[in-house]
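So the structure is just underneath, and the comments pick up after that.
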Amino acid sequence: MAEKSWVRMVTAQTPTNIAVIKYWGKRDETLILPVNDSISVTLDPAHLCTTTTVAVSPSFDQDRMWLNGKEISLSGGRYQNCLREIRAQACDVEDEEKGIKIAKKDWENLHVHVASYNNFPTAAGLASSAAGFACLVFALAKLMNAKEDNSELSAIARQGSGSACRSLFGGFVKWIMGKAEDGSDSLAVQLVDEKHWDELVIIIAVVSSRQKETSSTTGMRDSVDTSLLLQHRAKEVVPKRIKQMEEAIKNRDFGSFAQLTCADSNQFHAVCLDTCPPIFYMNDTSHRQVAYTFDAGPNAVLIAHNRKAATQLLQKLLFYFPPSSDADLNSYVIGDKSILKDAG
Ligand code: DP6
């Protein structure tokens with residue numbers, strides 16, 4: 001390794017994803033292994049994304065991270081697991097332009113600084129942890145010249161937050177629950193890329209940007225412990241639905257896609273109500289929307305068949321919830337599906 005003065009930096013940008021067949025429930029809390037497969041659509045990074053810069057320098061004496069400008073602790077198991085796993089994959093780095101040479105073995109003693117920024121409300125049920133951990137792992141992989149492909153990286157991002165594994169790809173993505181005890185086969189694969197069904201328009205109706213009261217982690221733990229409906233869903237319902245959803249996506253069959261997406265969102269919220277104590281993620285405004293999928297928060301994700309349908313839907317939304325008044329609905333995020341972008 002050369003002198004102490006250098007800093008190597010990489011910046012990456014990763015969009016969030018919205019599940020159309022939901023992940024809800026873990027069979028292993030530490031490795032973050034789910035009780036069922038799930039499928040999501042990755043959003044356009046222009047609207048809901050995390051931008052993360054990672055830096056390494058021999059002058060850093062500890063790993064540190066800043067989220068939206070505020071320093072946060074990296075002592076939690078999820079961050080530690082991601083950092084350990086990605087360090088284990090680090091390779092030699094040679095940056096001739098800057099005169100930096102890092103040997104594989106040097107990474108054990110080098111520390112990183114991470115600055116991450118979300119362009120949307122954190123922890124309001126808009127999958128901020130998904131974009132956050134996917135971006136962190138992706139950026140660190142570039143920094144450390146790790147050779148893993150995006151599916152292999154997804155298995156690392158998964159250990160930060162389950163849904164993060166699906167943000168390593170654009171388009172429609174499936175998280176395969178896997179069978180292995182060590183979680184090595186629990187990873188994300190791309191079903192189709194963002195061009196496959198590019199007429200779809202996704203509208204996110206932000207009815208509340210407040211931090212949700214029950215985190216997904218706590219909520220799903222309680223559901224696993226107390227909901228019989230969750231057991232039935234994971235064993236009987238989701239396996240069939242996954243196959244049907246894959247077909248609907250492959251054939252661009254909007255009727256089946258919409259029916260399955262709504263049914264799965266409804267069942268997920270039914271599981272939340274079947275949990276003891278019950279979890280309420282939607283508020284009254286959510287129920288008034290023509291909402292078609294809700295994550296662990298009150299915000300509606302509406303998926304329109306094409307731009308014409310999206311325009312009509314927006315006209316209705318703007319009529320009922322004019323943004324100029326102090327209505328609950330205070331912003332619109334419209335995005336075509338898009339891909340993970342390396343801005344480094
Ligand atoms: C409702 O991935 O946030 O959005 O793995 O505990 O970090 P942890 O949970 P998280 O849960 C997301 C749940 C969901 C459904 C989904 O995205 O599939």
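The values are calculated or read from the model by the stated rules, or taken from the named source; none is laboratory data. Quick caveat: nothing in here was measured; it's all calculated off a predicted structure. Cβ sites come from the backbone with ideal geometry, for glycine too, and all protein chains shown count toward neighbours.
Meeting the requirement of 3 or more residues that are over 24 Å from Thr293 (Cβ atoms), modelled with pLDDT of 95 or more and away from the ligand (no atom under 16 Å from the Cβ), the strands (runs of 3 or more DSSP E) wholly within region 1-62 are 8-15, 49-57. Could you look through region 202-221, keep only residues that are at pLDDT 85 or above and surrounded by 18 or more Cβ atoms within 10 Å (Cβ to Cβ), and pick out the one that is farthest from Gly170 (Cα to Cα)? Filtering region 202-221 for residues that are at pLDDT 85 or above and surrounded by 18 or more Cβ atoms within 10 Å (Cβ to Cβ), the one farthest from Gly170 (Cα to Cα) comes out as Gly219. Of all the numbered requirements in (1) in contact with a Phe, Trp or Tyr (Cβ under 7 Å, 6 or more places away or on another chain); (2) in a helix (DSSP H, G or I), Ala90 misses one, and that requirement is (2). Applying the set (1) surrounded by fewer than 19 Cβ atoms within 10 Å (Cβ to Cβ); (2) in contact (Cβ under 8 Å) with a residue 60 or more places away in the chain to Lys179 leaves exactly one unmet item: (2). Here Ile72 meets the list (1) within 16 Å of the ligand (Cβ to nearest atom); (2) out of contact with any strand residue (DSSP E or B) (no Cβ under 9 Å at 6 or more places or on another chain) almost entirely, failing just condition (2).
Every test in (1) buried (at least 16 other Cβ atoms within 10 Å of the Cβ); (2) more than 14 Å from the ligand (Cβ to nearest atom); (3) outside any loop (DSSP other than H, G, I, E, B) is passed by Cys82 save one, and that test is (2). Counting only residues that are assigned to a helix (DSSP H, G or I) and either buried (at least 24 other Cβ atoms within 10 Å of the Cβ) or within 14 Å of the ligand (Cβ to nearest atom) (or both), region 141-152 holds 2 of them. Residues in region 288-304 that are polar (S, T, N, Q), crowded, with 24+ Cβ neighbours inside 10 Å and modelled with pLDDT under 70: none.
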